[in-house]
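Structure first, commentary second.
The values are calculated or read from the model by the stated rules, or taken from the named source; none is laboratory data. Source: prediction; values computed, not measured. Glycine also receives a Cβ, built like all others from the backbone with ideal geometry; neighbour counts cover every protein chain displayed. When the accessible area is computed, the model is the full protein with side chains, heavy atoms only, and any ligands, DNA or RNA have been set aside. Shrake-Rupley method; radii C 1.70, N 1.55, O 1.52, S 1.80 Å.
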Amino acid sequence: MQLVVARIGRAHGIKGEVTVEVRTDEPELRLAPGAVLATDPASTGPLTIETGRVHSGRLLLRFEGVGDRTAAEALRNTLLIAEVDPEELPEDEDEYYDHQLIDLDVVTEDGTEVGRITEISHLPSQDLFIVERPDGSEVMIPFVQEIVTEIDLEEQRAVIAPPPGLIDDRAEIASARDAGQESRDAGREAGEAEPEPRESGDAS
């Protein structure tokens, strides 16, 4: 099975190094010197990693045959793809490969259906589940323990405890608007007079 493990960014320096956006929890394994990676677009690869180092918090890679800035810049936005055994699991039991999470059903702890995971977005600060709702809309759910309380691969589902507003913001707004209207209607039925509009500049 092929997994995207990084995206090449801009060239760094003049000796062929590039910055990379890491998309794997195991960069020391997938992006180590000697690793041979397929690419998207395929015509760019395969690429063999010659060296790797961290500079100012970013991973820099140099590939065999890429020896100057011009060649490095030509690789920009290329996806790096590793071949992974589909039966292989991460070393940490609390970590998952993207292919294990894609298509999982997302439900709340009380069993309410939220949607289906269609994509994993790897941001510098955290990972996000991109979840397609039954109505076709999308919601982003941070993949953190406080919110994603359980990943059940056997049942093919992810259980979440969403904070207020994460998945029901539109419903809450509509509910509040309806409640406000009902309150005004009830007030009129009880004979309560609507407050007269205040003229501009009235300080009372």
Check the range 77-93 and report whether any residue there is farther than 24 Å from Leu128 by Cβ, modelled with pLDDT of 90 or more and open to solvent by 50 Å² or more (accessible area, probe 1.4 Å). no
Wholly within the range 16-132, helices (runs of 4 or more DSSP H) carrying at least 2 residues that are hydrophobic (A, V, I, L, M, F, W, C) and farther than 27 Å from Leu166 by Cα: 69-73
Could you check Leu47 against (1) out of contact with any Leu (no Cβ under 6 Å at 6 or more places or on another chain); (2) in contact (Cβ under 8 Å) with a residue 12 or more places away in the chain and say which number it fails? (1)
Condition first: assigned to a strand (DSSP E or B) and either open to solvent by 30 Å² or more (accessible area, probe 1.4 Å) or in contact with a Gly (Cβ under 6 Å, 6 or more places away or on another chain) (or both). Now tell me which residues in the range 1-15 satisfy that. Gln2, Val4, Arg7, Arg10, His12
Does Glu50 fit the bill of being surrounded by fewer than 18 Cβ atoms within 10 Å (Cβ to Cβ) and under 30 Å from Glu150 (Cα atoms)? no
